[in-house]
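In what follows, a single structure is set out as structure tokens and then discussed.
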Amino acid sequence: MIKISPSNFSCTPESEMVAALLQSSLDRVDPYQAVVSFFYKNGDFLELRDERIPFDSFGKIILLSIGKASISMANAAMEHLGKKISSGVVVYKNAESRIAFPKEVGIRMVQGDHPIPGKNSFLAGKAVLNLLKQVQPSDLLLVLVSGGGSALLAAPVEGASLEGIQKLTQGLIASGAKIQEMNIVRKHLDRLKGGGLLRLTNHAKVLSLIVSDVIDNDISSIASGITTSDDSTFAQAIHILEKYHLKNAIDPALLEYLSQGKTNHHDETLKRGDPRLLNVNNQIILSNSQSILAGEETAHKMGWMVVSGKKAYTGEARDVGKEMAKILLKMVREKKQNSRPAVAINGGEPTVHLKGKGKGGRNLELALSTVEFLDGTRNVAIISFSTDGEDGPTDAAGAIVTGETAEKARQMGLDPKDFLAENDSYHFFVKVGGLIKTGPTGTNVNDLVFLIVL
């Protein structure tokens, strides 16, 4: 796990304590430690939190690990299962750590593309489809899932082109569609998503350990739900395209496939009650709430007051930013003179409707939208932060805004509203200061916003 430097918060008088808050929130959601703690060591049994399975009851153990935490999760599985794993595929975004598999174990590493699926994502899909052909009814398929899997792994339906899938994904992102909406469309154009993987496991036992990057921990939304049922329909997928005015802008072949599915010419996603679900054990092992709790515990230990935060924020990033700023200003009004520092830690995932041609991400845009509200307010800070260390197509995890940020902008002749209009939050913070750069963290439990009164 990365280490957060206090230098990121040098604009605050308590930079070391602020860094400690963020560090504890990240440390609690270390995927490697989460997988390690899930297993109990026993030479003859695979002992889980709620199940004890003899190793000799399996023909083989086959590994599939996908997402932004795939390498560290796979390493943790290897620590417990060792050479009992016969083969596997690891689909990753960043090589954040060394893979620890012995050479004699047949593990294929595939680097996918994110946030827009690319050629490598298609190669990853083919690798997984080939892996599933090896699975026998007596085997155990160990699936390790983390955020980012929807883009990193793509096994599109017949007739879907790379260009068509990319254009569709770009359109959904630019429109500000919620991740759940994006995934509904993706599930109906992919052979693995929406429980599709379970159709290809030959009735083998499946154990899926999941790092959640969605606020409500809906397994069907994490990496588009490859190991669970899905309630959405072809009709809903078409409605989403209509809602965001994309129906006439996507590849006609994709629209035709969805239309045929709506009239029952293609199989729906896997639905509740399907017998294949009886072979699956899905377990959420990390989530955003754990990250928030860790930060709150650290704040208490430092003697800070902890204010209950809004722990499931969604919506347009700039609207969420305004709401967060109002909450912070209320904290300022309620804080007694010379009392302890106070913090409210919030979790969520806003969206950005792209209208300009600038560069940024949802956390940066959220932070930028707070600048004018905090103008001149002393000893306050808002930090909007992506736990994976990568906010949109930038090299920043997020940004920090204080009451002095607006004045710095004025001195440079910059107006935050101009940058908001162009969705150019990244370059605003490059000029004014405040970018938080950690590099890929190796985890992903969504976003955090810290509201701080010192």
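Descriptive notes on the structure:
- Matching option when the condition is polar (S, T, N, Q) and either farther than 21 Å from S10 by Cα or outside the structural domain of P13 (by TED's automatic domain parsing) (or both), among T377, T402, T394, T387: T394
- Under the condition of being out of contact with any Ser or Thr (no Cβ under 8 Å at 6 or more places or on another chain) and aromatic (F, W, Y), the residues counted in region 1-40 number 3.
- When each of E334, E349 is tested for being free of Cβ contacts under 8 Å to residues at least 24 places away in the same chain and either out of contact with any Lys or Arg (no Cβ under 8 Å at 6 or more places or on another chain) or crowded, with 19+ Cβ neighbours inside 10 Å (or both), the lone residue that passes is E334.
- Members of region 243-265 that are in a loop (DSSP other than H, G, I, E, B) and out of contact with any Leu (no Cβ under 9 Å at 6 or more places or on another chain): H245, T263, N264, H265
- Among the candidates K359, K408, the residue that is surrounded by fewer than 23 Cβ atoms within 10 Å (Cβ to Cβ), modelled with pLDDT of 95 or more, part of a loop (DSSP other than H, G, I, E, B) and of a type in the set (D, E, K, R) is uniquely K359.
- Matching residues in region 280-292 - criterion: being over 18 Å from the mean Cα position of the chain (by Cα) and at pLDDT below 95: N281
- Some residue of region 251-260 being at pLDDT 95 or above and more than 26 Å from G118 (Cβ to Cβ): yes
- Residues (over 24 Å from R28 (Cα atoms) and either assigned to a loop (DSSP other than H, G, I, E, B) or of a type in the set (F, W, Y) (or both)) located in region 267-303: D267, E268, T269, L270, K271, R272, G273, D274
Listed here are the residues, each with its yes/no results for (1) of a type in the set (K, R); (2) surrounded by fewer than 18 Cβ atoms within 10 Å (Cβ to Cβ).
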site: N264; (1), (2): no, yes
site: V280; (1), (2): no, no
site: S287; (1), (2): no, no
site: W304; (1), (2): no, no
site: R318; (1), (2): yes, no
site: M324; (1), (2): no, no
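- The condition of being among the aliphatic types (A, V, I, L, M) and surrounded by fewer than 20 Cβ atoms within 10 Å (Cβ to Cβ) holds for only one of V29, V36, that being V36.
- Checked against (1) modelled with pLDDT under 95; (2) crowded, with 20+ Cβ neighbours inside 10 Å; (3) farther than 30 Å from G196 by Cβ; (4) among the small types (G, A, S), A344 passes all but a single condition, namely (1).
- Residue count for region 304-330 under the criterion of being among the acidic types (D, E) and either in a strand (DSSP E or B) or within 20 Å of the chain's Cα centre (by Cα) (or both): the result is 1.
- For the residues K167, K193, the requirement of being touching a residue at least 40 places away in the same chain (Cβ under 8 Å) and within 30 Å of G82 (Cα to Cα) singles out K193.
- Some residue of region 316-331 being in the same structural domain as E16 (by TED's automatic domain parsing), over 23 Å from P393 (Cα atoms) and free of Cβ contacts under 8 Å to residues at least 12 places away in the same chain: yes
- Sole residue being small (G, A, S) and at pLDDT below 95, chosen from S65, S15, S25: S15
- The lone exception for N248 - which of (1) closer than 21 Å to L192 by Cβ; (2) of a type outside the set (K, R); (3) surrounded by fewer than 18 Cβ atoms within 10 Å (Cβ to Cβ) it fails: (1)
- Yes/no for G149 being in contact (Cβ under 8 Å) with a residue 24 or more places away in the chain and either assigned by TED's automatic domain parsing to the domain that holds A223 or within 20 Å of the chain's Cα centre (by Cα) (or both): yes
To keep it simple, each residue is scored yes or no on (1) without any contact (Cβ under 8 Å) to a residue 24 or more places away in the chain; (2) within 12 Å of L168 (Cβ to Cβ); (3) in the same structural domain as L198 (by TED's automatic domain parsing).
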residue	(1), (2), (3)
H239	yes, no, no
E242	yes, no, no
K247	yes, yes, no
A253	no, yes, no
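The values are calculated or read from the model by the stated rules, or taken from the named source; none is laboratory data. The structure presented is a predicted model; accordingly, all values stated were derived computationally and were not measured. Here the Cβ is made from the backbone with ideal geometry for all residues, glycine too, and neighbour counts use every protein chain on show.
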